Structure formats: C-alpha cells, structure tokens
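Below is one structure, written out as structure tokens, with a few remarks after it.
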Amino acid sequence: MPKRDFLAITDLSTTEIKALFDLAAQMKVGRYKKQPLTGKVLGMVFAKSSTRTRVSFEVGTYQLGGHALFLSARDIQLGRGEPIKDTARVLSRYVDGIVIRAFAHGDVGELARFATVPVINGLTDLLHPCQVLADLFTIREALGGWEGKVVAWVGDGNNMANSWLHAAQVLGFELRLACPEGYEPNHEIFEQAKRNAKVSITELPEEAVRGAHVVNTDVWASMGQEEEAEARALAFKGYTVDRELMALAAPQAVLLHCLPAHRGEEVTDEVIEGPQSRVFDEAENRLHVQKALLATIMG
C-alpha cells in the first residue's frame, strides 16, 4: 500500500475529512480504545518553536501506544547543512512517520518526496493544515457543521488564511477574507479556491464579518516576521476583532484564534475571554484531530 502524506487540506476529500472527524469525536469522548501506534515511532523535525503542535503530537502519539521523538534543527545534522533528502532517507530507516514544522514549504515537499514513511506538515510559512483541521472540527462541534455557513478571516493573509482557502475549496463553504493591501493570501491558492467555492477578499473587516458564523483571526506578525512588527501594526490598524466587530456577525457566531494571541492587537481580551470564544476548545481539538490523522495514516 502506498504511503499517505498530509501536507495540505487538499490532500483529503470531503468524505475523508468527515470520516477523520467522526474518528476524532470518538477519541475525544473516550470511545476509541485501540492503540494502532504500538511499537511505532513518530519523528518530529521542528525548525520552528511550538506549544500546541509539539505537545498535541507528542501526547497523541503516546495515547495511541507509540513514541514521539522530538528533533529540533539544533539536535540533528539538518541544522548543520545536511540535505533534506538525506535526512528524509535516513529517518525513514528509523521511524514510522515524520511531522515537520518548517519555514519554507518546499522543504516539507522535499522531505515527503524522499521519505518512505508518511509525512505530516506541522506548519510552514505557506500552510498550517493541522490547525485548520482542528478549527473545522471545532466548528462542527459548536455549530453542527460548516455547510451553509460563512467563515470570516480578519487580518494577515498568512499560512492560516491559505489553509482556510484550501478548506473552502474542498468543503465548499463561503469564506470572506479581510486583509490590508499588500497582506493578501497566496494569489495562486486564492484563484484555485475561487473556482470551487465562494471566496472573496476585502480591505474592510466589517464587510467580511457581517452575518458571518465564524470569525477567525491570528497575530499580525508571525514567527520570523518580528522585525516587521511595527510596520504591520500600522498596516493592520482597524483590524482588531473587538466587541463592536463581533456584534456584526451572526448571533450564534463563534470566535476562533489559533494562538498564541497578542491581546489588544488582533483581538481584544474581552472578546477572546467572552462567551463566543472557542479558542481553548480549538486548542484541545488539535490533540483529537491529530490522533485521528496519526491513526489513519500511520496505524
């Protein structure tokens, strides 16, 4: 059987996403008792620091009977210039699957090309598919599903925004993005999504949020963009998700944020701590959805 990688939301069909979420739901309530990763090792190659991605994959692997081996760039020869294709082939002889968290998306693609074990994209500058899977699962829990729903994205057209476009492309819900000029999502990904779903970009957060069922945001300066923080703070003035902006959304709307949050910048403390916030359910769901993913492609 050929190996199965998960590098982008578009690697899964609608049917596969629903099956994954059914399995994750069973795992979340403790009805899933199998340990499909018994005797197996997950290699975790992280060039970027992490809280949720690292902890959820390590805990999830353990709960499924396996062992997770954390490998920062400083720990392995990749950090000293060993080619990715060599690292991929060597690790494939030791481990049963690899999660990689990298800067360049091309690095993940190359690792997957040369690895003979399944590879999971734990985040790149282009995409963050594991997080958006957890977000979709949270929407299913909170609102019963994404069918007929409107998802609003407010802020930077970053890796999260790109993965949301992929999700809209596969699942067909409406996605409205509010991004300042010059901070739009990847053009190619946007155009591809536009052919399969109702997606739009505006510079007005109010336009994106009005009537939306999900309001989603992220930090204005991601890892590696710290030196741009001041310029970005100016560009994103008016893009804070506050009580007034949330009031424009549908009455039952939920707030999502992948965390960590810069409270008072992209979202106010009042909103992230408010009754519409699902950010900590969303964070927890990283564990359950990734366990389902691990069981599916490594079990």
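The values are calculated or read from the model by the stated rules, or taken from the named source; none is laboratory data. Every value quoted in this text rests on a predicted model; they were computed, and no experiment measured them. Virtual Cβ from ideal backbone geometry, glycine too; neighbours counted across all protein chains shown.
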Test for ARG286: is it in a helix (DSSP H, G or I), closer than 30 Å to ALA47 by Cβ and in contact with a Lys or Arg (Cβ under 7 Å, 6 or more places away or on another chain): yes
Selection status of PHE46, of a type outside the set (Gly, Ala, Ser) and either assigned by TED's automatic domain parsing to the domain that holds LEU136 or closer than 24 Å to ARG113 by Cβ (or both): yes
Helices (runs of 4 or more DSSP H) (entirely within region 19-121) containing at least 1 residues that are at negative phi, crowded, with 23+ Cβ neighbours inside 10 Å and touching a residue at least 60 places away in the same chain (Cβ under 8 Å): 52-63, 105-114
In region 24-77, the residues that are closer than 16 Å to LEU287 by Cα and polar (S, T, N, Q): GLN26, GLN35, SER50, THR51, THR53, SER56, THR61, GLN63
Counted residues, region 9-18 - those being over 17 Å from LEU294 (Cβ atoms) and either part of a loop (DSSP other than H, G, I, E, B) or at pLDDT below 95 (or both): 1
The one condition in (1) touching a residue at least 24 places away in the same chain (Cβ under 8 Å); (2) surrounded by 15 or more Cβ atoms within 10 Å (Cβ to Cβ); (3) of a type outside the set (Lys, Arg) that GLN252 fails to fulfil: (2)
Any pair with Cβ under 6 angstrom, 6 or more apart, that starts in region 224-240 at a residue that is in the same structural domain as ASN158 (by TED's automatic domain parsing) and ends at one that is modelled with pLDDT under 95 and among the aromatic types (Phe, Trp, Tyr): ARG232/TRP220; PHE236/TRP220
Residue match in region 140-152 (condition: in contact (Cβ under 8 Å) with a residue 24 or more places away in the chain, assigned to a helix (DSSP H, G or I) and within 24 Å of ALA295 (Cα to Cα)): yes
Scan of region 251-283 for residues that are assigned to a helix (DSSP H, G or I), closer than 26 Å to LEU234 by Cα and in contact with a helix residue (DSSP H, G or I) (Cβ under 7 Å, 6 or more places away or on another chain), ordered by number: GLU270, VAL271, ILE272, VAL279
